[in-house]
Amino acid sequence: AIALWSSKDWHAKGRQLGMRQWRFALMRGVVLTFAQYFFYLSLGLLSFATASTITYASAPFAVALAVPLLREQVGWIRWASVIVGFVGVVMVVGPGRDSFSPAALLPLAAAACYALTGVTARMMDDEVPTALINLYSSGVAALGSLLLAFVSTGFSPLAQLSDLGWILAMGTFGGIAVLLLIAAYRMTEQSNLAPFSYFGIPIAFVLGWAFYGETPWAELFPGALLIAGGGLLIVWRERQARRAELMARGALSSDDDL
């Protein structure tokens, strides 16, 4: 809501809250509900770094989903990056390994849902502000999460007052993160920002070690490197394609950078 209110374009167009594809926007909210549910559920069953790392499979999932949903032509480089990323995911998930847990499939399902919300966002009308799309999706996700709490486990009393403080802190950090991401996406291309998201893998490892004493080296490596490598290869290919498109239109010279 804050991001939408700060959008000059939204004010200039009469502060419209309705949209033609409102049913589609609500459907994205349902998918986002399950994405968050699967991810938060996995945090209680897996090491923090492992659950966080597996969700980075959203990048190869997004490429695979773009073919049937957006009718994109995906070349061999991006398909190769998808394969590399999924090989990394399989290594981290560890099917057939003694330490394998079916819970590792939860962040993988979350990654697929996050990728679906990202791909379907590109199917929305161009004139609809990004913040309005997010407002629809986040509103449905909030209601969906409340419903899931009743249906799945119900509510548990807070063990101590400090728990409420941690919950409020988590919501505050998450809200600030979303606002920063929206602001960043409005300033530059998504492909310019994607490489920085992979800093989340070492950050998750450090935070898991600092807060929970977890050091899942055997689970994460070298699979995490393949996940990041596959994602970065996708980013590089998109930048190259974007550069070629701009040069074809004469908007970029061979000496310019994106």
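Looking at the stretch 136-165, which of the residues that are loosely packed, with under 10 Cβ neighbours inside 10 Å and not in a loop (DSSP other than H, G, I, E, B) is farthest from the chain's Cα centre (by Cα)?
Step by step, filter the stretch 136-165, then rank; the result is L161.
Take Y136 and tell me if it is in contact with a Phe, Trp or Tyr (Cβ under 9 Å, 6 or more places away or on another chain), modelled with pLDDT of 80 or more and within 17 Å of T53 (Cβ to Cβ).
When the stated conditions are applied, Y136 does not pass them.
Quick one: in the stretch 74-84, which of the residues that are outside any loop (DSSP other than H, G, I, E, B) and modelled with pLDDT under 80 is nearest to F38 (Cα to Cα)?
So the residue we want is V82.
State all residues of the stretch 204-242 that are in a helix (DSSP H, G or I), of a type outside the set (S, T, Y), farther than 17 Å from P107 by Cα and modelled with pLDDT of 85 or more; if no residue qualifies, say none.
The answer is V206, L207, W209, A210, F211.
Is it the case that the stretch 90-99 has a residue that's farther than 18 Å from F221 by Cα and surrounded by fewer than 14 Cβ atoms within 10 Å (Cβ to Cβ)?
Within the stretch 90-99, not a single residue is farther than 18 Å from F221 by Cα and surrounded by fewer than 14 Cβ atoms within 10 Å (Cβ to Cβ).
Which members of the stretch 221-236 meet the condition of being surrounded by 19 or more Cβ atoms within 10 Å (Cβ to Cβ) and over 19 Å from T50 (Cα atoms)?
L233, I234, V235
Determine whether A184 is at pLDDT 75 or above and either loosely packed, with under 13 Cβ neighbours inside 10 Å or of a type in the set (G, A, S) (or both).
No, not satisfied.
Confirm whether V92 is within 24 Å of F211 (Cα to Cα) and either part of a helix (DSSP H, G or I) or in contact (Cβ under 8 Å) with a residue 12 or more places away in the chain (or both).
yes
For the stretch 91-113, what are the residues that are of a type in the set (V, I, T) and either on the phi > 0 side of the Ramachandran plot or at pLDDT below 80 (or both)?
V93
So the check is Cβ under 9 Å with 6+ separation or different chains; which pairs have a first residue in the stretch 116-135 that's of a type outside the set (G, A, S) and part of a loop (DSSP other than H, G, I, E, B) and a second one that's at pLDDT 85 or above and crowded, with 20+ Cβ neighbours inside 10 Å?
Taking only residues 6 or more apart or on different chains, the pairs are M124/A25; M124/R28; M124/I133; V128/A25.
With the condition kept exactly as written, say whether any residue in the stretch 12-20 is surrounded by 17 or more Cβ atoms within 10 Å (Cβ to Cβ) and closer than 30 Å to P222 by Cβ.
Taking every residue of the stretch 12-20 in turn, none turns out to be surrounded by 17 or more Cβ atoms within 10 Å (Cβ to Cβ) and closer than 30 Å to P222 by Cβ.
When the residues of the stretch 26-46 are narrowed to those that are among the small types (G, A, S) and surrounded by 21 or more Cβ atoms within 10 Å (Cβ to Cβ), which ends up nearest to A104 (Cα to Cα)?
S42
The values are calculated or read from the model by the stated rules, or taken from the named source; none is laboratory data. All values derive from a computational prediction rather than experimental measurement. Neighbour counts run over all protein chains shown; Cβ positions are idealised from the backbone, glycine included.
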